[in-house]
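This report concerns only the one structure given below.
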Amino acid sequence: MAASEFSFDVVSTFDRQELVNAVQQAQREVATRYDFKDVTAEITLGEDEITLLAGSEGRAQAMVDIIQSKLVRRGLSLKILRPGSVEPAAKGNVRQQLHLQKGISDELARTLVKRVKTNHPKVQVRIQGDELRVSSRDKDQLQAVIADLRALDLPVPLQFTNYR
């Protein structure tokens, strides 16, 4: 890379520790709330998902709302959650998976590359795994790309890292 070339990475990730904290806060709130007293209400954090076990679909939705409020309070985007369908579980309960989205999918990456190349012809964009590397000789071009990508309403949150 030439010394006069600037770049940054476009990634979609979240702070795992903040997620753990938010889920723990949600678990404490569910344990202490009156409307969840003496009913099934469990929140379990897995590697790629949060699993909810509730007595009814309404309670499962209430638990989703609690988790979302805790995520927002801890500065995490709600776009990291992709709710699955509510399924019946043992003993008349319901189970719902909230999948955690991390990384930029191949399809979205190609769409973003095409958009950046169309709107900013002097900028180079490469797909590197589940992130994008954007580089240019002009810092102003990079700033314009960031502004352009921030304006999009995408299904995943984007962060801009390694700006140099």
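Coordinate-derived values only; no laboratory data. All values derive from a computational prediction rather than experimental measurement. Cβ sites come from the backbone with ideal geometry, for glycine too, and all protein chains shown count toward neighbours.
Over all other residues within a Cβ to Cβ distance under 15 Å of residue 95, the charged ones net out to -2, with Lys and Arg as +1 and Asp and Glu as -1.
Taking every C-alpha pair closer than 8 Å and separated by at least 6 residues, the mean separation divided by the residue count of the chain gives a relative contact order of 33 percent.
Rounded, prolate or oblate: which one fits the range 16-100, using the alpha carbon gyration tensor with axes a ≥ b ≥ c (rounded when a/c is under 1.5, else prolate when a/b beats b/c, else oblate)? Judged from the Cα gyration tensor, the range 16-100 comes out oblate (a/c at least 1.5, b/c at or above a/b). Computed about the Cα centre, the dipole magnitude for the chain is approximately 400 debye when only Lys and Arg (+1) and Asp and Glu (-1) carry charge, each at its Cβ.
Extension gain, residue 65-residue 90: 0.36 nm per intervening residue step, less the Cα-Cα distance, totals 6.7 nm. Selection among 109, 55, 30 by position relative to the dipole of the chain gives 109 as farthest towards the positive end (Cβ unit charges, Cα centre). Applying 1/(1 + (r/R0)^6) with r as the Cβ-Cβ distance of residue 33 and residue 99 and R0 = 25 angstrom yields a FRET efficiency of 0.50. Counting only residues at least eight positions apart within a chain, or on another chain, the lysines with an alpha carbon under 27 Å from that of residue 79 are 70, 102, 114, 117. Summed over qualifying helices (DSSP H, 4 residues or more, each -39500 (n - 2.57)) and divided by its residue number, the chain shows a 222 nm mean residue ellipticity of -12000 deg cm²/dmol.
Taking the Kirkwood radius as the inverse of the mean 1/r across Cα pairs, report the Rg/Rh of the chain.
That ratio equals 1.12.
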